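Read the structure below first, then the notes.
The values are calculated or read from the model by the stated rules, or taken from the named source; none is laboratory data. Everything quoted here is computed from the prediction, not taken from an experiment. Note: ideal-geometry Cβ built from the backbone for every residue, glycine included; neighbour counts use all protein chains shown.
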Amino acid sequence: MLRLRASGPDFSVLADLRQTAVLPQSDTATVSEDLRWWVENGLQKSANLVASTLLKLQMERLAQHPAFRYFTSEQEALEWLAS
(Lines give C-alpha, C1' and ligand atoms only; values in the text may rest on other atoms or scores of the structure.)
Protein backbone atom coordinates (compact mmCIF):
# COMPACT_ATOMS: atom_id res chain seq x y z
CA MET A 1 0.00 0.00 0.00
CA LEU A 2 1.25 3.47 -0.84
CA ARG A 3 -0.16 6.30 1.26
CA LEU A 4 0.60 9.78 0.03
CA ARG A 5 0.15 12.93 2.04
CA ALA A 6 0.63 16.16 0.12
CA SER A 7 -0.31 19.76 0.65
CA GLY A 8 0.58 22.99 -1.12
CA PRO A 9 3.37 23.44 -3.64
CA ASP A 10 5.88 21.88 -1.23
CA PHE A 11 4.81 18.53 0.12
CA SER A 12 5.94 15.52 2.10
CA VAL A 13 5.10 11.86 1.59
CA LEU A 14 4.61 8.88 3.87
CA ALA A 15 4.96 5.76 1.72
CA ASP A 16 4.12 2.41 3.27
CA LEU A 17 6.18 -0.09 1.30
CA ARG A 18 6.18 -2.85 3.92
CA GLN A 19 4.18 -5.18 1.67
CA THR A 20 6.39 -4.47 -1.34
CA ALA A 21 8.91 -7.02 -2.52
CA VAL A 22 12.12 -6.05 -4.23
CA LEU A 23 11.30 -4.25 -7.46
CA PRO A 24 11.85 -6.14 -10.70
CA GLN A 25 14.60 -4.71 -12.90
CA SER A 26 11.95 -3.80 -15.50
CA ASP A 27 10.35 -1.34 -13.02
CA THR A 28 13.43 0.41 -11.69
CA ALA A 29 13.77 3.01 -14.48
CA THR A 30 10.12 4.05 -14.08
CA VAL A 31 10.41 4.28 -10.29
CA SER A 32 13.59 6.32 -10.57
CA GLU A 33 11.88 8.74 -12.98
CA ASP A 34 8.87 9.04 -10.65
CA LEU A 35 11.08 9.81 -7.64
CA ARG A 36 12.98 12.44 -9.61
CA TRP A 37 9.66 14.00 -10.72
CA TRP A 38 8.51 14.26 -7.10
CA VAL A 39 11.67 16.16 -6.14
CA GLU A 40 11.41 18.45 -9.16
CA ASN A 41 7.79 19.22 -8.28
CA GLY A 42 8.12 20.23 -4.64
CA LEU A 43 8.85 17.12 -2.58
CA GLN A 44 10.44 18.17 0.72
CA LYS A 45 10.55 14.82 2.52
CA SER A 46 9.63 11.25 1.73
CA ALA A 47 9.46 8.91 4.73
CA ASN A 48 9.36 5.36 3.42
CA LEU A 49 8.32 2.44 5.60
CA VAL A 50 10.11 -0.76 4.60
CA ALA A 51 10.27 -4.28 5.99
CA SER A 52 13.03 -5.57 3.74
CA THR A 53 16.69 -4.56 3.87
CA LEU A 54 16.96 -5.47 0.19
CA LEU A 55 14.13 -3.11 -0.75
CA LYS A 56 15.68 -0.37 1.39
CA LEU A 57 19.01 -0.74 -0.41
CA GLN A 58 17.32 -0.83 -3.79
CA MET A 59 15.27 2.30 -3.09
CA GLU A 60 18.31 4.15 -1.73
CA ARG A 61 20.11 3.37 -4.98
CA LEU A 62 17.15 4.58 -7.07
CA ALA A 63 16.35 7.74 -5.09
CA GLN A 64 19.86 9.08 -4.31
CA HIS A 65 18.45 12.27 -2.78
CA PRO A 66 18.47 13.49 0.85
CA ALA A 67 14.68 14.00 0.78
CA PHE A 68 14.20 10.22 0.92
CA ARG A 69 14.63 8.36 4.24
CA TYR A 70 13.74 4.79 5.16
CA PHE A 71 12.18 3.54 8.38
CA THR A 72 10.84 0.36 9.94
CA SER A 73 8.85 2.33 12.54
CA GLU A 74 5.85 4.39 11.44
CA GLN A 75 6.20 6.55 14.56
CA GLU A 76 9.81 7.42 13.70
CA ALA A 77 8.80 8.17 10.11
CA LEU A 78 6.04 10.54 11.26
CA GLU A 79 8.38 12.25 13.71
CA TRP A 80 10.93 12.85 10.95
CA LEU A 81 8.25 14.23 8.65
CA ALA A 82 7.14 16.63 11.39
CA SER A 83 10.70 17.86 12.09
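Does any residue of the range 60-68 turn out to be within 22 Å of Pro9 (Cβ to Cβ), of a type outside the set (Asp, Glu), in a helix (DSSP H, G or I) and in contact with a helix residue (DSSP H, G or I) (Cβ under 6 Å, 6 or more places away or on another chain)? Within the range 60-68, one or more residues are within 22 Å of Pro9 (Cβ to Cβ), of a type outside the set (Asp, Glu), in a helix (DSSP H, G or I) and in contact with a helix residue (DSSP H, G or I) (Cβ under 6 Å, 6 or more places away or on another chain). Return yes when Trp80 is aromatic (Phe, Trp, Tyr), part of a helix (DSSP H, G or I) and within 11 Å of the chain's Cα centre (by Cα) and no when it is not. Considered against the rule, which asks whether it is aromatic (Phe, Trp, Tyr), part of a helix (DSSP H, G or I) and within 11 Å of the chain's Cα centre (by Cα), Trp80 comes out as no.
Only one entry in Leu49, Leu55, Leu81 is of a type in the set (A, V, I, L, M) and out of contact with any Lys or Arg (no Cβ under 8 Å at 6 or more places or on another chain), namely Leu55. When Ala47, Ala51 are checked against the criterion of being part of a loop (DSSP other than H, G, I, E, B), free of Cβ contacts under 8 Å to residues at least 40 places away in the same chain and under 13 Å from Leu17 (Cβ atoms), a single residue qualifies: Ala51. Taking residues in the range 54-71 that are of a type in the set (D, E, K, R), and partners anywhere that are surrounded by 17 or more Cβ atoms within 10 Å (Cβ to Cβ), the pairs with Cβ atoms closer than 6 Å and at least 6 places apart or on different chains are Lys56/Val50; Lys56/Tyr70; Arg69/Ala47.
Would you be able to say whether some residue in the range 25-43 is at pLDDT 95 or above and assigned to a strand (DSSP E or B)? There is no residue in the range 25-43 that is at pLDDT 95 or above and assigned to a strand (DSSP E or B).
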